[in-house]
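Asks: Pasting a structure here, questions to come.
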Amino acid sequence: MVPGPPKPFARLVGPRGSAIALDQADALDAIATGLSERSVDAVVTSPPYNLGVRYGGYDDDRPRPEFLAWIGRLGAGIDRVLADDGSLFLNLGGPPSDPGWPWEVARAAGERFVLQNVIHWVKSIAIARAHAGRDAGLDRDIAVGHYKPVNSDRYLNAAHEYVFHFTRRGDVALDRLAIGVAYQDKSNAARWASGERGVRCRGNVWFLPYPTIRRRAKDRPHPASFPPELPEQCLKLHGVGRIRLALDPFVGIGPSAIAAARLGVAFQGYDLEGEYLSEARAALLREGAKDMLASQPKAALAAGTQRSEA
Ligand SMILES: C[S@@+](CC[C@H](N)C(=O)[O-])C[C@H]1O[C@@H](n2cnc3c(N)ncnc32)[C@H](O)[C@@H]1O
């Protein structure tokens, strides 16, 4: 554990001018001491969910009651800082041998909230040409995306995870068309008022594959990350224009920070592991963000030089 108040790890300005803060900290402590009441409009996160994943220093294999009590305390911390009409998007997956576990975790974490939507994040899917219909233009059956195969004659490969969308009362209006999909038959757009932007609601099944990588350790150096497109869709769905601050208490290698930077949304991220935060910072720099902490010493140096020359 990283004791004490949040330790600033990086302070960046994203390519669209939004402030991105990454702190090395225990999430529960940091939420309690580093954020004021009702200051966060959207939380998008994937907490550790006690599956024995190797995250560096963190023990991801605790007795279940202890873990569920901990995640309940996380929910209480978020309850304090989330705005009245805020959204909590909680990404959880389960092992093939225990498919009910994500629901137990979600129930404990979201005890103080109303479950407004359940989104299915599909990482891989097989589509038969015959089922896709002629408009899809497939010339053969396809299987797309990636998943971790299980070696079993009992369990199916886990090709999806959940995103549980919690709000305070279950009544938060969403910008469904911000992540809408184009009508296949354009005449439908005129038929429904909701088709104004030429798109319809995407629904609650999101196919977002991991990009194909060659060297896992270098290209995705985290055992349980999600692609930036997942938090990006969550933030857009909540409504980018009304997000003053987005939070990921378990930011890992930074996909939610990248999503916020791309959308011009202010962001706060925490993680215990400095190594992951370094990766997050590097990924943000690749997105065109500037690290204000890193540039400070140079600026101070330059100011000092100018003074001595004056
Ligand atoms: C499921 S991963 C999140 C991965 C992240 N969404 C990504 O795509 O890179 C959980 C993360 O929580 C971090 N973590 C575990 N316990 C923590 C705690 N108490 N406070 C802050 N971070 C913690 C781990 O280091 C790990 O990076």
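The values are calculated or read from the model by the stated rules, or taken from the named source; none is laboratory data. The structure displayed is predicted, hence computed values, not measured ones. Using ideal geometry, Cβ is built from the backbone for each residue, glycine included, and neighbour counts are taken over all protein chains shown. Areas reflect the complete protein model, heavy atoms only, side chains present, ligands, DNA and RNA absent. Shrake-Rupley method; radii C 1.70, N 1.55, O 1.52, S 1.80 Å.
Asks: When you go through Arg54, Arg64, Arg73, Arg38 one by one, which is the residue that is more than 30 Å from Pro96 (Cβ to Cβ) and in contact (Cβ under 8 Å) with a residue 12 or more places away in the chain? Working first, answer last.
Replies: Working: Arg54 fails: more than 30 Å from Pro96 (Cβ to Cβ); Arg64 fails: more than 30 Å from Pro96 (Cβ to Cβ); Arg73 fails: more than 30 Å from Pro96 (Cβ to Cβ).
Going through Arg54, Arg64, Arg73, Arg38 in turn, the sole match is Arg38.
Asks: So which residues in region 262-287 are touching a helix residue (DSSP H, G or I) at 6+ places or on another chain (Cβ under 7 Å) and near the ligand (Cβ under 10 Å from one of its atoms)?
Replies: Hits for region 262-287 are Gly269, Tyr270, Asp271, Ala280, Ala283.
Asks: With respect to Arg281, determine if the residue is of a type in the set (Lys, Arg), touching an Asp or Glu at 6+ places or on another chain (Cβ under 6 Å) and within 22 Å of Ser46 (Cα to Cα).
Replies: The answer is no for Arg281.
Asks: Out of region 131-149, which residues are in a loop (DSSP other than H, G, I, E, B) and either surrounded by fewer than 14 Cβ atoms within 10 Å (Cβ to Cβ) or within 25 Å of the chain's Cα centre (by Cα) (or both)?
Replies: The answer is Gly133, Gly137, Asp139, Arg140, Asp141, His146, Tyr147, Lys148, Pro149.
Asks: Give me the residue from region 29-78 that is of a type in the set (Ser, Thr, Tyr) and within 10 Å of the ligand (Cβ to nearest atom) and, out of that set, surrounded by the fewest Cβ atoms within 10 Å (Cβ to Cβ).
Replies: Of everything passing the filter in region 29-78, Tyr58 is surrounded by the fewest Cβ atoms within 10 Å (Cβ to Cβ).
Asks: Go through Gly86, Gly17, Gly93 for me and flag whichever is within 12 Å of the ligand (Cβ to nearest atom), out of contact with any Leu (no Cβ under 7 Å at 6 or more places or on another chain) and touching a residue at least 12 places away in the same chain (Cβ under 8 Å).
Replies: Only one candidate passes the filter, namely Gly93.
Asks: Residue check: is Gly252 part of a strand (DSSP E or B), within 12 Å of the chain's Cα centre (by Cα), within 16 Å of the ligand (Cβ to nearest atom) and modelled with pLDDT of 95 or more?
Replies: No: the conditions fail for Gly252.
Asks: Of all residues being more than 14 Å from the ligand (Cβ to nearest atom) and not in a helix (DSSP H, G or I) in region 231-249, which is surrounded by the fewest Cβ atoms within 10 Å (Cβ to Cβ)? Just the residue, please.
Replies: Arg244
Asks: Here's a follow-up. Being in contact with a strand residue (DSSP E or B) (Cβ under 8 Å, 6 or more places away or on another chain) and among the hydroxyl-bearing types (Ser, Thr, Tyr): is that true of Ser36 here?
Replies: Details: in contact with a strand residue (DSSP E or B) (Cβ under 8 Å, 6 or more places away or on another chain): no; among the hydroxyl-bearing types (Ser, Thr, Tyr): yes.
Considered against the rule, which asks whether it is in contact with a strand residue (DSSP E or B) (Cβ under 8 Å, 6 or more places away or on another chain) and among the hydroxyl-bearing types (Ser, Thr, Tyr), Ser36 comes out as no.
Asks: Of the conditions (1) open to solvent by less than 10 Å² (accessible area, probe 1.4 Å); (2) more than 8 Å from the ligand (Cβ to nearest atom); (3) modelled with pLDDT under 95, Lys7 clears all except one; give me its number.
Replies: Looking at each condition in turn, Lys7 falls short on (1).
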